[in-house]
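The values are calculated or read from the model by the stated rules, or taken from the named source; none is laboratory data. Predicted model, so just to flag it, every value in this text is computed and none were measured. Heads up, the Cβs are rebuilt from the backbone with ideal geometry, glycines too, and the neighbour counts pull from every protein chain shown. Protein only, heavy atoms only, side chains kept; ligands, DNA and RNA dropped before computing areas. Shrake-Rupley method; radii C 1.70, N 1.55, O 1.52, S 1.80 Å.
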Amino acid sequence: MDKVRRMRLAKDAMDRGRADPGLDLSAVAAHAGYSRFHFLRAFKDVYGETPGQYLTHRRIERTQDLLRTAGVSVTEICHLVGFSGLGTFSTRFKARTGLTPSEYRARHMGSGAALIPGCYAMFWAGGFRNGPGADRAACAGSPSAPPSSPTSN
C-alpha cells in the first residue's frame, strides 16, 4: 500500500473520532501501519501539518458550525468537539479565527443553517450522560421537540 493511501486511512480514522478527547496517536498510526513516530513524520510530509494540528483544525471547524447553529453553551461545545479544557480550547480557537468563541458566536450566529435547539445538538453528539430517557427529558421543554412515539415509555 502506498504512503498517501495509508495516510488517508489514518486521516479518515481521525475524522471519525475527532470528538473523542482521548484519541490516541498510536491507534491512528496503526490505521496507517506505522509506528507513532514514523507516522508523525509521514503525515506531516503528506499533509504539511502534524496529526495534532490537523485534528485541532477539524475540531475548530466543527466548533464554528456549532457556534453558528446550535443553542448550547461554549463550554458544552468545547467538550462535544473533543477538547478537554476550556482554556486550551479558547486559546486555540482564537489563534485560528482571531476571535474568542463568544465573539465568533455573536458575530456569526444565524449565518449557518437554522438554529438547532441545544437539546438536539447534545443528543446527536452524545452529550447526555444521565442514562436512558435523559435526552427526552431535556428536550421536553423545547418548542420544537418531537412528539413522543406511542411505543416509547
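The residue that is modelled with the highest pLDDT, counting only those in region 24-42 that are part of a helix (DSSP H, G or I) and in contact with a Lys or Arg (Cβ under 7 Å, 6 or more places away or on another chain), is Ala42. Within region 43-85, count every residue that is assigned to a loop (DSSP other than H, G, I, E, B) and open to solvent by 30 Å² or more (accessible area, probe 1.4 Å). So the answer is 6.
Applying the criterion of being part of a helix (DSSP H, G or I) and of a type in the set (S, T, N, Q) to the residues of region 86-110, the residue that is farthest from Ile60 (Cα to Cα) is Ser102. If the condition is being surrounded by fewer than 18 Cβ atoms within 10 Å (Cβ to Cβ) and of a type in the set (Ser, Thr, Tyr), then region 26-42 contributes Ser26, Ser35.
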